[in-house]
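J.: This is the structure I want to talk about, given as structure tokens.
Readers should treat all values here as calculations from the given coordinates under stated rules, not as data from a laboratory. All values derive from a computational prediction rather than experimental measurement. Virtual Cβ from ideal backbone geometry, glycine too; neighbours counted across all protein chains shown.
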Amino acid sequence: MRRHLLLPPSVRADLETVRALVRRAMNEITRVPGAAIPGVLAPTIFFLGLTSVFGNLTLLPGFDSESYQSFLVPVSLMQGAAFTGAATGVNLARDIEQGWFDRLLSSPAPRPVLLAGLVLSASLRALIPAAFLLIVAFAIGAHWPGLLGLLIALAVVMGMAVVAATWGTSLALRFRSQSAAPLMQVGMLLLVLMTTAYAPLELLTGWLQEVARINPVTQVVETARQGFVGPVTWADTWPGLVALAGLAILFTFAALRGMRRMTY
Amino acid sequence: MIERLAANARVVVALGARSVTQTARRPQLAAPLLIFPTALLAIQTGGAGRAVDLPGFPQVESFLAFMLAGAMVQGSLLAGNSGGIALALDMEMGFTDRLWVAPISRFGVVLGRLAGTAMLGAFIALWFIVLGLVFGVGFQEGVLGVIWVVVLVAASAVAFGGIGAAIALKSGRASVVQGLFPLIFVILFLSTAFFPASLMLEPAASVAEYNPLSFIVEGIREPIVAEFETTDQLKAIASVIGVGLFGILLSAAALRGRARRGG
């Protein structure tokens, strides 16, 4: 209460708006759990499937992990974050189609605050598929990354969800239709898979090696992966955080631009 | 009798043509059928391409040559699922209600949708064949092998489409059929679509050994990477027929149930 009194009334109102939008997003999970199930299950299905299929890649000379489960966990975590973030874009497109978003735009809430509510809810929701995946991964033998490694991985999950949510939001504001959903989902999925998702950089072949080298999400995946395949170091942490911040800023600008252009 | 058969054949052709036109008019619905397997093919080929160096990996020209069959089967599974979604959408919009009351066989309506799925399957096969040729895959069985691949992919799309149609007829809801999407990947991962069974981890390796999808994949893969083996091709044909019959039986049961309910 005292902390609230220290804040100017406009900031308090903005925080209340963000809180209300986050609560609305959380209500969707409890009221329509069926809609959230595919997003929660898909990364785990991919994780189990890919480890079963490509698990013996660790036998290749130069593969820097003995456990493919441990190597793949961060990729599936990023997939889950990407799907959750993209779902925020799909939900926004639905709200635009149904006219609900017009009501938000006509409210006195500043548009960056509306975006903050959407993005924050995505970053929190991304923890649900991440938790489910981690339980399954540890159950089938993925390495415990240590508390610091786990916290870094979860922070990266939330950051990746922010990136995906701003990407999805900017597309939703541009196309204003749920038919843009595949673009939101596949765009993020490709960004995550065109990295060192399947194997270390040295073992990738052809075009993928070149793309993975310059794809900023490679740094993000490596930051999340470090605790699962080795020790946690600052040298392996900061490039991923910088890449996440860069992507988040870029897509936030795109989303805010879309919101400014939106009339009601 | 012959007249009735001819009338039903005309219905199947007309509905098949409608299904193809519908897909062509809404490319955004068909694009994922090609884009997703193509993107996954490109990424897996680059990401796991060194797998051909693993001891025990079959002798193949390249990892892309090995993976092409998996991408085609993935495409045919998605085509079957997409056919089911389209049928469910027709039911949601009331289009099939008009067909049910017409003096035509109800199964002809389903076959019409499957005819469109077959065309889509053939197109998917051709897409990946061209992609393979562009990126240097030499089809070991030549033109005959290419034709056989197209036939097998189209037939498997129909077989998978039968299951999609049955679920559409039973549920009448597109979202239910769409919900099968993750299941498609479970089935794919438990087959030899992406990797030889001998190099997969347990229990997936054992499941893949007996998964009918593995037999279909191997039947499609064989003319690409090796020479025809009668036994492998017979297994592929039997698997396509088995899956197809399963889909037909399910569809027939769903149609009977719908007729009983007056739908």
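J.: Projecting each Cα onto the charge dipole of region B:2-260 (Lys/Arg +1, Asp/Glu -1 at the beta carbon, about the Cα centre), which of B:Phe181, B:Ile43, B:Ala238 comes out farthest on the positive side?
T.: Value: B:Phe181.
J.: Counting helices only, and only those DSSP H runs with n ≥ 4, report the 222 nm mean residue ellipticity of chain A as the sum of -39,500 (n - 2.57) divided by its residues, in deg cm²/dmol to the nearest 500. List each step's numbers first, then the result.
T.: Details: 12 runs with 208 residues, N = 264.
Using -39500 (n - 2.57) per qualifying helix, the result is -26500 deg cm²/dmol.
J.: Under 20 °C and 1.002 mPa s, how fast does region B:2-260 diffuse according to Stokes-Einstein, given a Kirkwood radius computed over C-alpha pairs? Answer in µm²/s, whole number. Each step should come with its number before you reach the end.
T.: On the way: Rh = 18.7 Å.
The diffusion coefficient I find is 114 µm²/s.
J.: Taking θ as phi - 60°, what are the ³J(HN,Hα) couplings along region B:182-196 by the Karplus curve (6.51, -1.76, 1.60), each to the nearest whole Hz, with x for Gly and Pro?
T.: Per-residue couplings from phi come out as x, 5, 4, 6, 4, 4, 5, 5, 8, 9, 8, 4, 10, 7, x Hz.
J.: Give the angle, between 0 and 90 degrees and rounded to the nearest 10, that separates the Cα long axis of helix B:230-260 from the longest principal axis of the Cα atoms of chain B.
T.: 30 degrees
J.: Kirkwood hydrodynamic radius, computed over distinct alpha-carbon pairs, for the protein assembly as shown: how many Å, to one decimal? Kindly include the intermediate steps, with their values, before the conclusion.
T.: Numbers: mean 1/r = 0.0405 Å⁻¹.
For the protein assembly as shown, the Kirkwood estimate is 24.7 Å.
J.: Where does chain B land at 222 nm, in deg cm²/dmol rounded to the nearest 500, when only DSSP H runs of n ≥ 4 count, each adding -39500 (n - 2.57), divided by all residues? Walk me through the numbers on the way to the answer.
T.: On the way: 11 runs with 206 residues, N = 263.
It lands at -26500 deg cm²/dmol.
J.: Once fully extended, how much extra length lies between B:Ala9 and B:Asp232, figured as 0.36 nm per residue of separation less the alpha-carbon to alpha-carbon distance? Write down the numbers at each step before the final one.
T.: Details: separation 223, 0.36 × 223 = 80.28 nm, distance 3.27 nm.
Result: 77.0 nm gained on full extension.
J.: For helix B:27-47, report the angle its Cα long axis makes with the longest principal axis of the Cα atoms of chain B; keep it between 0 and 90° and round to the nearest 10°.
T.: So the inclination is approximately 20 degrees.
J.: Tell me, what is the FRET efficiency for A:Leu60 and A:Arg19 to the nearest 0.05, using R0 = 35 angstrom and their Cβ-Cβ distance as r?
T.: On the way: r = 49 Å, r/R0 = 1.41.
Taking R0 as 35 Å, the efficiency between A:Leu60 and A:Arg19 is 0.10.
J.: For the residues B:Asp232, B:Asp97, what sequence is obtained by ranking on other C-beta atoms within 10 Å, fewest first? Write out the running numbers ahead of the final one.
T.: Values: B:Asp232 15, B:Asp97 11.
Exposure proxy ranking, most exposed first: B:Asp97, B:Asp232.
J.: Sticking with this structure for a sec: Please report the base-10 log of the normalised intensity I(q)/I(0) for region A:2-261, using a Debye sum with one equal scatterer per alpha carbon and no solvent, at each q in 0.11, 0.17 (1/Å).
T.: Each listed q maps to, in turn, -0.61, -1.27.
J.: Compute the helix-to-body angle for A:111-125: its Cα long axis versus the longest principal axis of chain A, expressed 0 to 90° and rounded to tens.
T.: Tilt relative to chain A: about 40 degrees.
J.: Could you work out how far the C-alpha centroid of region A:173-220 sits from that of region B:82-103, in angstrom?
T.: Rounded to whole Å, the Cα centres lie 37 Å apart.
J.: Take B:Phe195, B:Phe246, B:Phe123 and order them by how many other Cβ atoms sit within 10 Å, fewest up front. Walk me through the numbers on the way to the answer.
T.: Details: B:Phe195 29, B:Phe246 15, B:Phe123 20.
By the 10 Å Cβ count, ascending, the order reads B:Phe246, B:Phe123, B:Phe195.
J.: Working from the alpha-carbon coordinates of region A:130-256, get Rg over Rh, Rh being the Kirkwood radius. Walk me through the numbers before you get to the answer.
T.: Numbers: Rg = 15.5 Å, Rh = 15.6 Å.
When Rh is taken as the Kirkwood radius, the ratio is 0.99.
J.: Taking the beta-carbon count within 10 Å as an exposure proxy, list B:Ile248, A:Ile214, B:Ile237, B:Ile224 from fewest neighbours to most. Could you put the intermediate results ahead of the total?
T.: Values: B:Ile248 20, A:Ile214 8, B:Ile237 15, B:Ile224 26.
Exposure proxy ranking, most exposed first: A:Ile214, B:Ile237, B:Ile248, B:Ile224.
J.: Limiting things to C-alpha atoms, what are the Rg and the maximum Cα-Cα separation (Dmax) for region B:42-106, in angstroms?
T.: 20.8, 61
J.: Take the alpha carbon atoms of region B:146-230, find their radius of gyration, then divide it by 2.2 N^0.38 Å using N residues; give the quotient. Don't skip to the end; give the middle numbers.
T.: Values: Rg = 14.8 Å, N = 85, 2.2 N^0.38 = 11.9 Å.
Rg over 2.2 N^0.38 Å, computed on Cα atoms: 1.25.
J.: Between region B:196-260 and region A:87-160, what is the separation of their alpha carbon centroids in Å?
T.: So the two Cα centres are separated by 39 Å.
J.: Roughly how big is chain B's charge dipole about its Cα centre, with Cβ charges of +1 (Lys, Arg) and -1 (Asp, Glu), in debye to the nearest 20?
T.: Working: 17 positive and 14 negative charges, 318 e Å.
Using only the charged Cβ atoms, the result is roughly 1520 debye.
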